[in-house]
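The values are calculated or read from the model by the stated rules, or taken from the named source; none is laboratory data. Computed from a predicted model, the values in this text were never measured in an experiment. Cβ placement follows ideal geometry from the backbone for every residue including glycine, while neighbour counts extend to all protein chains displayed. Please note that ligands, DNA and RNA were not included when accessible areas were found on the heavy atoms of the full protein model with its side chains. Shrake-Rupley method; radii C 1.70, N 1.55, O 1.52, S 1.80 Å.
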Amino acid sequence: MSLAKLSYAERAKRHSNASARALLEVMERKKTNLCVSVDVTTKSEFLSVVDVVGPYICLVKTHVDIIEDFDHDLIEKLRELSVKYDFLIFEDRKFADIGNTVALQYSSGVHKIASWSHITNAHPVPGPSIISGLASVGVPLGRGLLLLAEMSTKGSLATGSYTEEAVRMARANKNFVIGFIAQRRMDGVGASPDESTEEDDFLILTPGVGLDSRGDSMGQQYRTPKEVIVDSGCDVIIVGRGIYGKGNNLDIQTVQAQAERYRTEGWNAYQERIKG
Ligand code: BMP
């Protein structure tokens, strides 16, 4: 049976990585495959958005380096909200350096990402050493890594053999690499004809999701939850501005209504996929 037909609960049992398992379990428990990307620049806006979208999401995606008044109290409050509303945390750090440097960027500095973020991500561009560098910090903490196998932007260079190589790197590091940021399922991608990939179960988290717009003026491209989940077989929809607009005039009631709307669209699409 194609993995895309399995339920999130069934897939949770196939994972030994603690973060992958926890994410799939929370998706099933809360009936949501919605991740909200909270790209706002102040602590108070950030916490207001998370507090209102919390009940509808499986995952919060952060860019902590854009928060002007970042401090560790913000992280403490985010952790409290993640317990209160039962969601995981994904810092979208997009590491891209040599192993030694990324290990330091992941563990140390102002943000100490590994200490609070269940999941993070990396560009495969440096080759497998980026995974070993991050794994030296993340594996002992039960963290999970996503590789950016594709991007949602117009003219992205992450295509073809680059994407295939990313999947091969993931296959060689399944204890830590739990899946991809990508626009479609990656089952069998880059495998040689005699290689069995049946045991692979990579999670596909997909940004570039919007119901009311097809893109922005800076190269972003949007598809609907149905296109992403049903047509392309992805697992998690990542939505930012579709939920909170441009963020400079947050209307909390609209944010809540949009989170509910995307959650329903994403979950209905998943139901259609596993039943269809
Ligand atoms: P929005 O829905 O507002 O366009 O935000 C998308 C989010 O997903 C941003 O935080 C962006 O950094 C991230 N993202 C993306 O849009 N495309 C990718 O290919 C990879 C990303 O991480």
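When both bridge partners sit in segment 141-276, DSSP labels roughly 10% of those beta bridges antiparallel.
By definition, a body whose alpha carbon gyration tensor gives a ≥ b ≥ c is prolate when a/c is 1.5 or more and a/b is larger than b/c, and segment 69-155 fits this prolate description. A helix-only calculation puts the chain at -11500 deg cm²/dmol for mean residue ellipticity at 222 nm, using -39500 (n - 2.57) for each DSSP H run of at least four residues, averaged over all residues.
Please report the relative contact order for the chain, taking Cα pairs under 8 Å with a sequence separation of at least 6, and give it as a percent rounded to a whole number.
Values: 516 pairs, mean separation 53.0, N = 276.
Relative contact order comes out at 19 percent.
Among E227, E28, E199, the largest mean-square fluctuation in a Gaussian network model of the chain (Cα springs under 10 Å) belongs to E199.
Share of carbon and sulfur in the accessible area of the chain stands at 51%, probe radius 1.4 Å. With springs connecting C-alpha atoms under 10 Å apart, model the chain as a Gaussian network and identify which of L104, L203, L147 has the largest mean-square fluctuation. Highest fluctuation of the listed residues: L104. Solvent-accessible surface of the chain, taken per residue with a 1.4 Å probe and all protein chains present: 43 Å².
Once you keep just the Cα pairs under 8 angstrom separated by 6 or more residues, what percentage relative contact order results for segment 1-128?
Across segment 1-128, relative contact order equals 20 percent.
Projected over all directions and averaged, the alpha-carbon convex hull of the chain occupies 13.6 nm².
Please tell me which of these pairs span more than 27 angstrom C-alpha to C-alpha: K43/K246; K5/K112; K246/K275; K61/K246?
Too far apart for the 27 Å limit: K5/K112; K246/K275.
Classify segment 1-116 from the C-alpha gyration tensor, please: rounded if a/c falls under 1.5, else prolate or oblate depending on whether a/b exceeds b/c. It is oblate, given that a/c is not under 1.5 and a/b is not larger than b/c.
Explain nothing, just the number: dipole magnitude of segment 152-243 about its Cα centre with +1 on each Lys and Arg Cβ and -1 on each Asp and Glu Cβ, in debye rounded to the nearest 20.
The dipole of segment 152-243 has a size of about 500 debye.
Please list, by residue number, every one of the trypsin sites (Lys or Arg not before Pro) in segment 138-194 that is coil in DSSP and has at most 15 other beta-carbon atoms within 10 Å. Sites meeting the loop and neighbour criteria: K154.
Each semi-axis of the equivalent ellipsoid for segment 107-214 is √(5λ) with λ an eigenvalue of the Cα gyration tensor; in descending order they amount to 23, 20, 13 Å. Taking every alpha-carbon pair under 8 Å whose residues sit at least 6 apart, segment 69-202 reaches a relative contact order of 19 percent. Between T41, T62, T120, the residue with the greatest mean-square fluctuation in the GNM of the chain (Cα pairs under 10 Å linked by springs) is T41.
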